[in-house]
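Here is the structure we will look at, set down as structure tokens.
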Amino acid sequence: HEIIGKVVRLGPGVDKFSLGQRVGIGVQRSNCGGCDCCGAKIEQLCSKITKTYAGPGKDKGGFSRYIRYTAHWTFAVPEGIPSEQAAPLLCAGITTFSPLKRHCRPGMTVGIIGIGGLGHLAIQYARAMGCTVAAISTSDSKRTEAAEFGASVYIVSSDASQMAAAKGTLDVILNTASSTGVAGMDEYFALLKPRGVTACVSLPEKDE
């Protein structure tokens, strides 16, 4: 579901792409176009969506030699982005970009919990949006990596003194970690300023 390929055939009326053009497709394959969600441009909530995988028809996703897709859910890939770097943007990328675009404004301080497949993209997005980025991890092992991605603040969540010092400093928290580790969500919420926002884009471990 993070697929990069070239256009080999165009359907009737499709003029936004050309044969041979490099494009990318993600999870969502089509939507009905007629329900309230589609009319409100929140097509991802359409009850009749079909997906790249686990849906009707031939759905082998990126393992297929060819795949037929609606133009609406197909995206041109800029020449300057290698395919192996563009592919993750179609899932991990949009997963983190969407809440940051919705909630972040230049000058805000944004906390990113977890510096993994999602978190490393979130740090770069938030920094590009003009935000101060605080990377939050259970240990000090990702400090250098987080700084390279654009985080200017690093908080070790297993260190009670660091968590206490960071209370009330964040406008937005994006939780990308599958486990919150030794800190509970109440402790993370305490890092927010009044009227701050927390967005969770990860699945917790079985018993959390």
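Coordinate-derived values only; no laboratory data. Because the structure is predicted, anything quoted here is derived from the model rather than measured. We place every Cβ from the backbone using ideal geometry, glycine too, and count neighbours over all the protein chains shown.
Of 96, 70, 109, the residue with the greatest mean-square motion in the GNM of the chain, using alpha carbon springs below 10 Å, is 70.
Helical content of the chain, expressed as a calculated mean residue ellipticity at 222 nm, amounts to -5500 deg cm²/dmol (DSSP H runs of 4 or more residues, -39,500 (n - 2.57) each, divided by residue number, nearest 500).
Taking every DSSP beta bridge with both residues inside the chain, roughly what % is antiparallel (nearest 5)? That works out to approximately 35 percent antiparallel. Summarising the amide proton neighbourhood of residue 173: residues at separation of 5 or more, or on other chains, whose placed amide H is nearer than 5 Å comprise 111, 197, 198, 199.
Summing +1 for each Lys or Arg and -1 for each Asp or Glu, what net charge is found among the other residues whose Cβ lies under 12 Å from the Cβ of residue 100? Before the final figure, lay out each step's value.
Details: positive: 101, 102, 105, 127; negative: 171.
Its environment carries a net charge of +3.
Residues whose amide H falls under 5 Å from that of residue 30, counting only those 5 or more places apart or on a different chain, are 50, with hydrogens built in the peptide plane. Against the main long axis of the alpha-carbon atoms of the chain, helix 119-128 sits at an angle near 90°. Kirkwood radius, the chain, all distinct C-alpha pairs, inverse of mean reciprocal distance: 18.9 Å. Taking 110, 77, 172 as the candidate residues, the one with maximal mean-square fluctuation in a Gaussian network model of the chain, Cα springs under 10 Å, is 77. In order along segment 157-169, the phi-based Karplus estimate (6.51 cos²θ - 1.76 cosθ + 1.60, θ = phi - 60°) of 3J(HN,Hα) comes to 5, 7, 9, 4, 5, 5, 5, 5, 5, 8, 4, x, 10 Hz; Gly and Pro are listed as x. Reducing segment 108-166 and segment 60-74 to their Cα centroids gives an inter-centroid distance of 35 Å. For residue 3, the amide hydrogen comes within under 5 Å of the amide hydrogens of 25, counting only partners 5 or more places away or on other chains and with H modelled in the peptide plane.
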